[in-house]
Amino acid sequence: MRVIVKYSKDNEAIYISHLDVQRSMQRTLRRSGLPIKYTMGFHPHVALTFAQPLSVAVESMGEYMEFSLVDYVAPEIIKAKINSVIAPGFYAESCGYISNEYKSLMSMVAMCEWIVNVDSITQKELETEIKKIHESTEVFVDKHTKKGYRTIDIREGIIDISSIVDIPKAMHMRLSSGGKLNVSPKLVLAAMNIEPKYAKIIRKDIYFEKSGKHYPLMSVCNKPNF
Amino acid sequence: MDKDKLDFILRSVEKPSRYTGGELNSIYKEPSEYNIHYAFCFPDVYEVGMSHLGTRILYDDLNKRDDTFCERCFTPWPDMETTLIENNEKLYSLESKTSLDSFDIVGFTLQHEMSYTNILNMLKLSNIPLYSKDRNENHPIIIAGGPCAYNVEPMADFFDIVVIGEGEYVNNIIIDKYALHKKNNTSRIDFYKELASEKGIYIPQLYDVEYTEEKFSSILPKEGAPNIVEKVFVEDLNKSSWPEKPILPFLQLVHDRVTMEIFRGCTRGCRFCQAGMIYRPIREKSVETILDQARKNLKATGYDEVSLTSLSSGDYSCLKELILGMHNELKESHTTISLPSLRLDAHAKEYMESLETQRKAGLTLAPEAGSQRLRDVINKNVTEDDLIESVHNAFTNGYNSVKLYFMLGLPTETYEDIEAIAHLVSLVRNEYYKVPKELRKGRLRIVVSTSCFIPKAHTPFQWYVQNTMEEFMEKQLFLKDKLKPLKGVVYNYHDAKVSRIEAIFAKGDRRLSPAIVKAMELGCKFDSWSEYFNYDKWLVAFEACNINVDDYFESIDLDAPLPWEHTSCGVSKKFLQKEWLLANQSKLTDDCRSGCKGCGLKNCTMISSMEERN
């Protein structure tokens, strides 16, 4: 029985790398006492996958992980059991069962929603930078890949970008993710010539796409528990 | 520290979770509600420090007190050090992010000599004066303890209080007295004088050291301090403090598992081994205690591995019962058991299958010396037959990789002894090919490592003069050449330069302190990390302080006074002298379990438990 959990990551936990989050969640599930399904083979471990890695120092309100249970447990109990033993800084927001017709969480990811707060420039400069992106048809940045730096056009991946009315020097972004074009807020910041250490980044949620429309990953669940 | 500033600093460094705290089971208290604020400092990076069991035991033990909030601090990696300085921030504790200079007590653990510059650097980054004499009542009290406390002299001038022995007991005495001192607002020096009369507490400033003709001649107590500070140890490990909910770090540690201490001390009496001398007597935990503590630790962490540790875990008297019991309990939860320093004797077969199976690739053995003669000199009671039997058992059980540890530069060593290492390795190799081909798994890999022997205080080899750097390098190249024709053998050797510096401090005296300060000022840090160790800077530091390094490599008369004899681990000088003479005749001294060897230790639990048995 496939279970997906939407969780948040804040406070000191934002400094934990994806690899360390994976290990931490495996141990959380072991502590929870839930009837977790282990991998087969010589050295069984908790079978656990994540929708999308999150960079170090980025906060999130919408992270997703998936594992399987060998017996049915009501979603609200799953959530309660996880939250009773979860590491500080993490919180299971909601969880539910996902039908086998869906592929892996990771393969569904199409878009992420972000809030980015920039310290090093003025509100006016920020508005100008956003305007520049709106007006351009291509935005070139150097992307760090396994083979070194590569210049790519990220314009198509910036689905939406705007300043936030009631928070100074903050932007709201919807950026394509997973699949072909994976645009992180850091790339958008690079296009604006802003060093990431001057920015506070929050991931709001992760979305999949269906007939040209985006839906939060949690909505694949059958009656999720919120 | 201001949160925004801290966030900015953390976004600027590698592996920021080294500096955040906030791990599961870490302990948070409101500092203002606790009378005593204690910073437990480990002078190495987080991942190393959090792997250290002693740190975890003492952190938990101090926090069990309802008057104390104990926090942790590790050495910032050089990128963090630079970032702190650039941002005008002092070194801070992980839990409440308080700078170290605002604590009541700052305690350091002294695990090895090459961490000394890190200790001074941590004080400097906290704006705390290095020398005890330069600090006043507004500064924290600086405490140290751990194995190097038994010859703390090179660092003595920096510490106010040194714990000789096991901290579980002594720390509580210190804090009880400190609480009174704080309440009654007595002077620091009176507080120290009062502590000096307690067992296991050494107050360096209450001792005057004299030198005649550039040689150490005496160390004398004043103001009523004892001539000899005797160590304190926990008598019953079943009753001593144990963290039931150990901190679960997010970062992957060097030892990332539940670490169960199954006993303290060691009965083998290897003559080179300081741990074997200073942690006497042997004290075992019962099988019930171990199972109970392991159960609680696993539940509190979710770890999937338990490691049964001690100085020589194969010697635990109920090993089979323990492993089978644990295996029975843990198999359902996919938890594995690992046993470092396992002696693969005939009995091992009975529980081998219960032990960790997946990572079967590695077996580690430490014959320490190549020839039987030299193994007898060091009192390593292991024969060639034992070793061959061990690897034979391992190879037939599916192991295909062996690590073999040796030391170069042991007393009385000749080139024949070194050649014997190569011979022993070839025997191990042959043993693998004797196993029927269908039972062998993959390709054979033997890793041979040699360290450079460092004579340590409080061991029979304290009278031995270490090899020179040239001798070490020549021996390493000789062995490299001898191992070359053996396929599947990899040879690693330690840097002789580090060992030379470590040897100076291992048997050093108080005259060395300025050199440690100088080295730190020149930028020496993380000296145990090869990428940071800088031999030339050390030489410059000694030179600048007019220290002739060769003075510390002179032979010492058997009866000469030694700079570390006033801090005693309980083993008598007479016993060490006798052992040194026996070593020179290649004569063995049997395991304590075969009968008391008269090392001089008072309250030896080994003696009482043997009397009980008889």
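The values are calculated or read from the model by the stated rules, or taken from the named source; none is laboratory data. Quick caveat, the model's predicted, so the values are computed rather than measured. A quick note on method: Cβ atoms are made from the backbone with ideal geometry, for glycine too, and the neighbour counts reach across all protein chains shown.
The table below lists the values:
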| read-out | value |
| --- | --- |
| Scan of the stretch B:7-45 for residues that are more than 26 Å from the chain's Cα centre (by Cα), more than 21 Å from residue B:249 (Cβ to Cβ) and away from chain A (no Cβ under 14 Å), ordered by number | B:30, B:31, B:32, B:33, B:34, B:35, B:36 |
| When residues of the stretch B:510-565 are limited to those that are among the aromatic types (Phe, Trp, Tyr) and in a loop (DSSP other than H, G, I, E, B), the one nearest to residue B:210 (Cα to Cα) | B:564 |
| Answer from B:404, B:424 - the residue that is assigned by TED's automatic domain parsing to the domain that holds residue B:471 and in a strand (DSSP E or B) | B:404 |
| Residue in the stretch A:52-61 that is away from chain B (no Cβ under 12 Å) and hydrophobic (A, V, I, L, M, F, W, C) present | yes |
| The stretch A:170-196, subset of a type in the set (D, E, K, R) and surrounded by fewer than 18 Cβ atoms within 10 Å (Cβ to Cβ), residue farthest from residue A:217 (Cα to Cα) | A:195 |
| The stretch A:77-96 - residue that is of a type outside the set (Ser, Thr, Tyr), within 14 Å of chain B (Cβ to nearest Cβ) and not in a strand (DSSP E or B) and, of those, nearest to residue A:57 (Cα to Cα) | A:89 |
| Count of residues meeting criterion [over 21 Å from residue B:104 (Cα atoms), out of contact with any helix residue (DSSP H, G or I) (no Cβ under 7 Å at 6 or more places or on another chain) and crowded, with 16+ Cβ neighbours inside 10 Å] in the stretch B:1-43 | 5 |
| The listed residue being crowded, with 16+ Cβ neighbours inside 10 Å and farther than 23 Å from residue B:332 by Cβ, out of A:76, A:12, A:101 | A:12 |
| Subset of the stretch B:504-536 [of a type in the set (Lys, Arg) and out of contact with any strand residue (DSSP E or B) (no Cβ under 9 Å at 6 or more places or on another chain)] | B:507, B:518, B:525 |
| Selected residue [β-branched (Val, Ile, Thr), free of Cβ contacts under 8 Å to residues at least 60 places away in the same chain and touching a Lys or Arg at 6+ places or on another chain (Cβ under 8 Å)] from A:98, A:121, A:115, A:133 | A:133 |
| Evaluation of residue B:337 against (1) farther than 26 Å from residue B:399 by Cβ; (2) buried (at least 20 other Cβ atoms within 10 Å of the Cβ); (3) within 14 Å of chain A (Cβ to nearest Cβ) (one fails), failing number | (1) |
| Residue check, residue A:105 touching a residue at least 40 places away in the same chain (Cβ under 8 Å) and more than 13 Å from every other protein chain (Cβ to nearest Cβ) | yes |
| Criterion: touching a His at 6+ places or on another chain (Cβ under 6 Å) and within 28 Å of residue A:15 (Cα to Cα) - qualifying residue of A:162, A:177, A:184 | A:162 |
| Test: residue in the stretch A:7-27 that is of a type in the set (Val, Ile, Thr), within 7 Å of chain B (Cβ to nearest Cβ), assigned to a loop (DSSP other than H, G, I, E, B) and under 25 Å from residue B:305 (Cβ atoms) | yes |
| Complete set of residues in the stretch B:153-174 that are surrounded by fewer than 21 Cβ atoms within 10 Å (Cβ to Cβ) and either hydrophobic (A, V, I, L, M, F, W, C) or within 13 Å of residue B:68 (Cβ to Cβ) (or both) | B:172, B:173 |
| Inter-residue pairs, beta-carbon under 8 Å, first part of a loop (DSSP other than H, G, I, E, B) and in the stretch B:454-473, second modelled with pLDDT under 95, 6+ apart | B:465/B:554; B:465/B:555 |
| Spans of helices (runs of 4 or more DSSP H) in the stretch B:29-108 with at least 1 residues in contact with a strand residue (DSSP E or B) (Cβ under 8 Å, 6 or more places away or on another chain) | B:46-49, B:53-63 |
| Pairs, first surrounded by 14 or more Cβ atoms within 10 Å (Cβ to Cβ) in the stretch B:207-220, second of a type in the set (Ser, Thr, Tyr), C-beta under 6 Å, six or more apart | B:219/B:207 |
| Residue match in the stretch B:433-448 (condition: surrounded by 23 or more Cβ atoms within 10 Å (Cβ to Cβ) and at negative phi) | yes |
| So residue B:3, is it more than 9 Å from chain A (Cβ to nearest Cβ) and free of Cβ contacts under 8 Å to residues at least 24 places away in the same chain | yes |
| Output for the stretch B:212-257, where each listed residue is within 14 Å of chain A (Cβ to nearest Cβ) and either in contact with a His (Cβ under 8 Å, 6 or more places away or on another chain) or at pLDDT below 95 (or both) | B:252, B:253, B:256, B:257 |
| From the options A:68, A:99, residue that is more than 10 Å from chain B (Cβ to nearest Cβ) and part of a loop (DSSP other than H, G, I, E, B) | A:99 |
| Residue selected from the stretch A:111-122 under the condition more than 14 Å from chain B (Cβ to nearest Cβ) and modelled with pLDDT of 95 or more, by the criterion nearest to the chain's Cα centre (by Cα) | A:112 |
